[in-house]
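**Q** Structure in structure tokens, see below.
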Amino acid sequence: MKPLDTQALFSKFPKQPLGFYPTPLHKLETLSTETGVELYIKREDFSGVSLFGGNKIRKLEYILGAAKAAGAEYVFTYGATQSNHAMETASACRRCGLKPVLFLYALVPPTEEDLRGNLLLDRLFGAELHITERRAGESVDELKRRNAAAGEAYHQQLTQQGHLCWDVPVGGATELGSIGFAEGFCELTAQLSAMGLRADYLFHATGSGGTLAGLQAGRALLGSDTEIISINVNQKGAEYGENIVRLANGTLALLGAPEGVQVRKEDLHIDPNYYLPGYEQPNEASNAAIRELARKEGLVIDPVYTGKGFAGMLDYLRTGRVPQGSTVVFLHTGGAAALFAEKEILGDLLSRS
Ligand SMILES: *Cc1c(COP(=O)(O)O)cnc(C)c1O
């Protein structure tokens, strides 16, 4: 069978160039020797637009490409006050002449005179910020709903005044956005292939699921047998896996993938054992992984996503769930701005060293 021309599938969509691709791929020498696998890291943290890049930029190239093609003026998005997605959307909008409007809910209440991390960057990018504070006794779900409703009301108001507003859902987890990571999976496969390698395992942290759905779509397109292991960063409902399968297959349909190229539930390997106590709440294994990577490889991961993902991967490597000699890739999805966020997000990062 002739290999599928994946680039021809991707190039049907208007794409707004935002990042610097391909992102680097390199080996972690010390950790490879210690764990007995060939361990590589794919640097989505180097995606651009700014120094604080991350995995949302690939999705935004397609999402904002569509927004630009439609003549949008404002781009709305949603997330927690320290959301990487919101900050990356703000920087991406500024790069291509769109006006960012962020509706953020405060899990950790910010201090106006001492803005930190992504919130400081959001301000610097001049994003229009709307912060929804948590009410006494309010659940996180209620808080998120109230934040979303405030955004919708404002969206309507601006629309009635004649402005074209474009909505980017939480995390950019749409079929169009996931095309970015179908392409990202193909990019990684080509990089490995040029080095004479193929990955047995690909580990990453999963939140909204847009990255995971895209990676799975890319894996299906290439007929790859790389096992993708996705470490949760928050609690997911029972429907999470089904939603990912739907998003991945929706992405394949949008791309016009050949019949039979599909993602099935059995292709997913989602592991909920490393995120507790919760989203934006640190744990010791994650903080230990952050320190270990800093001290053995001189590189930085974050407490909310990549720390938990990396801690999960190390546990797989050290408990023999990944065979010795395997080729393993960790997808560094960004997030280091969280190191400069509120102390609650960092926990005991340094005091145990
Ligand atoms: C958003 C994010 C993720 C998760 O990506 P999803 O596509 O939302 O699942 C992982 N790591 C970092 C640093 C992120 O900002």
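The values are calculated or read from the model by the stated rules, or taken from the named source; none is laboratory data. This is a predicted model, so every value here is computed, not measured. Positions of Cβ are generated from backbone atoms using ideal geometry, with glycine treated the same way; all protein chains shown enter the neighbour counts. All accessible areas refer to the heavy atoms of the entire protein, side chains included, with ligands and DNA or RNA removed. Shrake-Rupley method; radii C 1.70, N 1.55, O 1.52, S 1.80 Å.
**Q** Hey, what's the chain come to in accessible area per residue, 1.4 Å probe, Å²?
**A** Numbers: 14760 Å² over 353 residues.
On a per-residue basis, the chain sits at 42 Å².
**Q** On to the next question. Taking the full set of protein chains and a 1.4 angstrom probe, give the accessible area of ASP141 in square angstrom, rounded to the nearest 10.
**A** ASP141 exposes around 90 Å² with every protein chain in place.
**Q** With a 1.4 Å probe and every protein chain kept in, tell me what percent of the accessible surface of the chain is carbon plus sulfur.
**A** Working: 7800 of 14760 Å².
Within the chain, the accessible surface is 53 percent carbon and sulfur.
**Q** Using alpha carbons only, what's the Rg to Rh ratio of the stretch 223-353 with Rh from Kirkwood?
**A** Numbers: Rg = 16.8 Å, Rh = 16.4 Å.
Rg divided by Rh gives 1.02.
**Q** Relative contact order of the stretch 57-196: what whole-number percent is it, with Cα pairs under 8 angstrom and at least 6 residues apart?
**A** Numbers: 194 pairs, mean separation 49.6, N = 140.
Relative contact order for the stretch 57-196 comes out at 35 percent.
**Q** Shifting gears a bit: Just from the alpha-carbon atoms, what are the Rg and Dmax of the chain in angstroms?
**A** Rg then Dmax for the chain, in Å: 19.6, 62.
**Q** I've got another one for you. Across the chain, where is the longest run that never hits chymotrypsin sites (Phe, Trp or Tyr not before Pro) in a DSSP loop with at most 16 other C-beta atoms within 10 Å? Each step should come with its number before you reach the end.
**A** On the way: sites that count: PHE20, TYR279.
Here the longest segment lacking exposed loop sites spans 21-278.
**Q** If you find the alpha carbon centre of the stretch 68-144 and of the stretch 209-232, how far apart are they in angstrom?
**A** 28
**Q** Among rounded, prolate and oblate, which fits the stretch 1-97 when a ≥ b ≥ c are the square roots of the eigenvalues of its C-alpha gyration tensor, a/c under 1.5 means rounded, and a/b larger than b/c means prolate?
**A** Details: a/c = 2.94, a/b = 1.41, b/c = 2.09.
It comes out oblate by the Cα gyration axes.
**Q** At most 13 other Cβ atoms within 10 Å plus a DSSP loop assignment makes a site exposed; report the longest stretch of the chain without any exposed trypsin sites (Lys or Arg not before Pro).
**A** Working: sites that count: LYS12, ARG135, ARG198, ARG264, ARG321, ARG352.
That would be 13-134.
**Q** Then there is this: Between ALA194 and GLU38, what is 0.36 nm times their sequence separation minus the Cα-Cα distance? Round to one decimal in nm. It would help to have the intermediate numbers written out before the result.
**A** Details: separation 156, 0.36 × 156 = 56.16 nm, distance 1.59 nm.
Length gained between ALA194 and GLU38: 54.6 nm.
**Q** Toward the positive end of the charge dipole of the stretch 234-353, about the Cα centre and with charges on Cβ (Lys, Arg +1; Asp, Glu -1), which of PRO323, PRO277, LEU346 goes farthest?
**A** PRO323
**Q** Helix-only mean residue ellipticity at 222 nm, the chain, DSSP H runs n ≥ 4 weighted -39,500 (n - 2.57), per residue, nearest 500. What is it? Could the numbers behind the result be given before it?
**A** Working: 12 runs with 147 residues, N = 353.
Taking each H run of at least 4 residues, the total per residue is -13000 deg cm²/dmol.
**Q** Can you tell me the length gained on complete extension of the stretch SER139 to LYS343, counting 0.36 nm per residue apart and subtracting the Cα distance? Don't skip to the end; give the middle numbers.
**A** On the way: separation 204, 0.36 × 204 = 73.44 nm, distance 2.21 nm.
Roughly 71.2 nm would be gained on extension.
**Q** Also, quick follow-up: Kyte-Doolittle mean at least 0.0 and Cα extent at least 20 Å along the axis: which DSSP H helices of the chain qualify? Walk me through the numbers on the way to the answer.
**A** Numbers: long enough: 140-160 (30 Å, -1.14); 175-194 (28 Å, 0.59); 240-255 (22 Å, 0.61).
Helix filter hits for the chain: 175-194, 240-255.
**Q** Let me ask another. Between GLN157 and ASP5, what's the calculated FRET efficiency when r is the beta-carbon distance and R0 is 41 Å? Round to 0.05. Can you show the working numbers first?
**A** Details: r = 45 Å, r/R0 = 1.10.
Efficiency at R0 = 41 Å is approximately 0.35.
**Q** Another question, if that's okay. Could you tell me the relative contact order of the chain? Use alpha-carbon pairs under 8 Å, at least six residues apart, and round to a whole percent.
**A** Values: 701 pairs, mean separation 75.1, N = 353.
So the answer I get is 21 percent.
**Q** At 7 Å along the Cα-to-beta-carbon direction for both ASN243 and HIS269, put a label point, then send me their distance in nm to one decimal.
**A** 2.3
**Q** Considering all projection directions equally, how large on average is the shadow of the alpha-carbon convex hull of the stretch 138-207, in square nanometres? Don't skip to the end; give the middle numbers.
**A** Values: hull surface 29.4 nm².
Average projection, Cα convex hull of the stretch 138-207: 7.3 nm².
**Q** How much accessible surface area, in Å² rounded to 10, belongs to the heavy atoms of MET195 with a 1.4 Å probe?
**A** Taking all protein chains as shown, MET195 has close to 90 Å².
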